[in-house]
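Enquirer: A single structure is presented below for examination.
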Amino acid sequence: EPRMIDNAEYMGEAGSTRKMAGAGAGSLLPLELIDKCIGSRIWIIMKGDKELVGTLRGFDDYVNMVLDDVVEYEMTAEGKKKIHLDSILLNGNNICMLVPGSEPAEDE
């Protein structure tokens with residue numbers, strides 16, 4: 001069952017709770033930032049040669065994500081390949097970086 005955590009804790013591997021160094025009343029934890037992005041567009045840079053832009057619908061403690069209205073960009077030798085997808089479940093293991101409210105430049 002989910003429980004509330006205070007600003008000095010965050011959820012670690014397998015649901016364990018750890019203290020976050022320097023976390024205070026004014027800090028924003030990583031999962032809190034992702035939670036604020038639900039319903040918004042988010043740019044996801046994956047390990048390897050893929051990037052995704054989609055509307056974040058939900059996520060779990062492992063940062064597995066459900067995205068709607070997704071554009072997948074794959075960098076190939078021929079250039080940037082673009083694939084449109086209605087809805088996906090993205091495994092959080094291969095996420096390198098999240099950029100809320102943004103997307104890659106078209107000229108890249």
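Enquirer: Would you kindly state how much longer the chain becomes between residue 33 and residue 55 on full extension, computed as 0.36 nm times their sequence separation minus their alpha carbon distance, in nm to one decimal?
Expert: 6.4 nm
Enquirer: Also, I was wondering about something else. Pulled fully out, how much extra length does the chain show between residue 106 and residue 63, if you take 0.36 nm times their separation in residues and subtract their Cα-Cα distance?
Expert: 12.8 nm
Readers should treat all values here as calculations from the given coordinates under stated rules, not as data from a laboratory. Owing to the predicted nature of the structure, the values given are computational and were not obtained by experimental measurement.
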